[in-house]
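Below you'll find the structure, written out as structure tokens, and then a few comments.
The values are calculated or read from the model by the stated rules, or taken from the named source; none is laboratory data. Predicted model, so just to flag it, every value in this text is computed and none were measured. Here Cβ is always computed from backbone atoms with ideal geometry, including for glycine, and neighbour counts include all displayed protein chains.
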Amino acid sequence: MKGGVEMDCKNFDYYSSLYIDDMLSENEREDFLQHIEECSICKMALKNLQTVVECLKDIEDIELPPDFNTTLRQRLTSIEQPQITKTKKTLQWASKHWKGLAASLMIVVFSAAAFNAINGPLQYKASEELAYDSAPAEAPEEGGMNLFTTSMDQKTAEAEEYGNMEDSSNDVVVTGVRGRREVSLQFSEAMEAQEPQEAQSPMKLIHQGRLRIESSNFDGVYDNIINLVDEYRGYFQHSEIYYRQIVRDHPENSIRVANLSIRIPGDDFMEVFQKLRDLGVVLNHNISTVNITDQYRDIENEAKNLEIQEERLREILGKADKVEDLLRIENELSRVRNQINSLRGTLDNYDKLVSMATIDLELQEIKDPTIRIQPVDEGIWSKAKANFVNSVNSIIVITEKVFIKAFAILPVIILLAALSIILIVVYWMIKR
């Protein structure tokens, strides 16, 4: 941390309120934003907290009833004496049993510390400035008070406009209730439930191999490759055959090369790769494996969180009645849906790469090395005759081109000759 305090999930409750109130220093703000980008849980918690703040800002202030002070003073006076008496009795009892209380308190403290160390719960609650205290709502029931009935009904109507938002997968609860707003973000149970699933899920591995072989039986090896791919339920992503060396008079002596890109089920990758090696002489080969398990899980969790957010936004959209709120929620829904589509597309691409491994194969044809000397047949005289004719034809063609070019520039030559004669005549006349 640049600010001197290590930023982690335990400090989120403290720094999130300061971040929303714009009270963090520059270094603390940078560290906080960096942690938010790295931790998807805290990022989701911050979004929920900001949503609650925006909801609270939309609530209008409600004036207190005219007789609030008088009624409150009368109620306090009526319950003042019992409270004092009860307090005195409590102090007297505590003075007699202070040792037992101290021991009990120490046991509770150590038990709570041990429980937190084992379970590591992460519980985030909105700051007191953003939530109403629940105690005043309970006091009227105990003391028989029934204040703020009209005001509470108005707040209830506004609270029900935003509804109750509950995230069952991440244990995120945003509840709008009568007379108060309470936001509790609990992730410990979700994290504990998620860890066994991640441990049991298989790793996401992308296999890729490259192989270059040569064989004198080009057609036979190529047919074996086709049969092998069909046997293992694979397919050719790319196939190309071309001649590296062409012998036109004897096509059977031409040399062919095949470049193949084969997709094979990932579970059969090593078995198929070894069988391909056995089809010819291996010139070079390599195998690479990329583990994308962590990256895949991060993207999948982010997509699930966005889907939950999309569902809650649709619930809020169904309860909104203002045009401004409708437009804002629809824009947010569109943004969230685009992000979900992008993440799901990435996951689909990863699934294809994991399920089907890729093998790039180059097959080169070679001739039988036992054939060293080819017999000289009558074709050598025909080749010599053909080359002689080609040379004569080339001379004729060149002569024709020179003759044609000469006629093409003949007008220019005549003009230059006429000018030259005139200049010579003028020169001799001046000289005389």
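Identify, please: which residue in segment 316-335 is surrounded by 16 or more Cβ atoms within 10 Å (Cβ to Cβ) and either under 11 Å from the mean Cα position of the chain (by Cα) or in contact (Cβ under 8 Å) with a residue 12 or more places away in the chain (or both) and is, among those, farthest from A45 (Cα to Cα)?
A320
Somewhere in segment 306-322, is a residue assigned to a helix (DSSP H, G or I), modelled with pLDDT under 95, in contact with a Gly (Cβ under 9 Å, 6 or more places away or on another chain) and hydrophobic (A, V, I, L, M, F, W, C)?
Taking every residue of segment 306-322 in turn, at least one turns out to be assigned to a helix (DSSP H, G or I), modelled with pLDDT under 95, in contact with a Gly (Cβ under 9 Å, 6 or more places away or on another chain) and hydrophobic (A, V, I, L, M, F, W, C).
How many of the residues in segment 286-297 are exposed (fewer than 12 other Cβ atoms within 10 Å of the Cβ) and within 17 Å of E38 (Cβ to Cβ)?
Residues meeting the conditions: 1.
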